[in-house]
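Reading through the structure tokens given below for one structure.
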Amino acid sequence: MSTAIYTYEEVAKHNQVKDAWVVIASKVYNITGFLDEHPGGEEIIFENAGGDATENFLDIGHSEDALKILKSKYIGDMDPSSKPLLQKVTKPTEKVKKSQGNPTLALLLAIVCLIVGYYVLND
Ligand code: HEM
């Protein structure tokens, strides 16, 4: 049997209470149904659904028992070439589109204005 391979795009689709996946250390887990059983609270684990929970999971220092539960939810591995999604993918792009000006050109213009202004004032 071959291991299922997932990308961050695929995992991101499973961010619902009734359909929740997380990535921990490049492995994918289907934690649907475990959210309301989580001893650390439903909310905190749900916030990680559809994304990479490695840091949060390790930061808490989960027990061996927690690791056992986690192992029972394993569904596949991450595609090593898949990169974690930026949280707000659209925002930086919007910014780039809006600021169509060239900062170097703007700086040059400002310097020219200063020089011209200097000579005009000193005439
Ligand atoms: C995804 C799989 C996860 C599993 C299977 C899991 C399992 C568990 C278990 C069994 C406990 C009880 C204490 C222990 O045995 O360590 C626990 C506690 C806790 N978990 Fe998780 N957890 C998961 C994810 C997360 C994530 C992503 C976070 C943080 C964002 C988190 C935060 C906590 C917190 C804060 C506690 C309470 C610790 C305490 O007060 O002792 N857990 N978890």
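The values are calculated or read from the model by the stated rules, or taken from the named source; none is laboratory data. Please read all numbers here as calculations on a predicted model, not as lab measurements. Note: ideal-geometry Cβ built from the backbone for every residue, glycine included; neighbour counts use all protein chains shown. Side chains are part of the model used for accessible areas, which takes the heavy atoms of the whole protein and leaves out ligands, DNA and RNA. Shrake-Rupley method; radii C 1.70, N 1.55, O 1.52, S 1.80 Å.
General observations
- The stretch 1-50, residues that are in contact (Cβ under 8 Å) with a residue 40 or more places away in the chain and in contact with a helix residue (DSSP H, G or I) (Cβ under 9 Å, 6 or more places away or on another chain): TRP21, VAL23, ILE24, SER26, LYS27, VAL28, TYR29, ILE31
- Residue match in the stretch 76-95 (condition: surrounded by 12 or more Cβ atoms within 10 Å (Cβ to Cβ), over 26 Å from THR3 (Cβ atoms) and modelled with pLDDT of 95 or more): no
- Unmet requirement for ASN48, which otherwise passes all of (1) assigned to a helix (DSSP H, G or I); (2) open to solvent by less than 60 Å² (accessible area, probe 1.4 Å): (1)
Results for (1) within 16 Å of the chain's Cα centre (by Cα); (2) exposed (fewer than 12 other Cβ atoms within 10 Å of the Cβ); (3) in the same structural domain as ALA66 (by TED's automatic domain parsing); (4) under 11 Å from TYR74 (Cβ atoms), shown as yes or no for each residue.
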{"site": "GLU10", "(1), (2), (3), (4)": "yes, no, yes, no"}
{"site": "LYS13", "(1), (2), (3), (4)": "yes, yes, yes, no"}
{"site": "GLN16", "(1), (2), (3), (4)": "no, no, yes, no"}
{"site": "ASP19", "(1), (2), (3), (4)": "no, no, yes, no"}
{"site": "ILE24", "(1), (2), (3), (4)": "yes, no, yes, yes"}
{"site": "PHE34", "(1), (2), (3), (4)": "no, no, yes, no"}
{"site": "GLU37", "(1), (2), (3), (4)": "no, yes, yes, no"}
{"site": "GLY41", "(1), (2), (3), (4)": "no, yes, yes, no"}
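- Identity of the residue in the stretch 58-67, surrounded by fewer than 10 Cβ atoms within 10 Å (Cβ to Cβ) and in a helix (DSSP H, G or I), that ends up nearest to the ligand (Cβ to nearest atom): ASP65
- Members of the stretch 1-57 that are within 21 Å of SER82 (Cα to Cα), more than 10 Å from the ligand (Cβ to nearest atom) and β-branched (Val, Ile, Thr): THR3, ILE5, THR7, VAL11, VAL28
- With respect to the stated conditions, ALA20 is more than 18 Å from THR3 (Cα to Cα), assigned to a strand (DSSP E or B) and touching a strand residue (DSSP E or B) at 6+ places or on another chain (Cβ under 8 Å).
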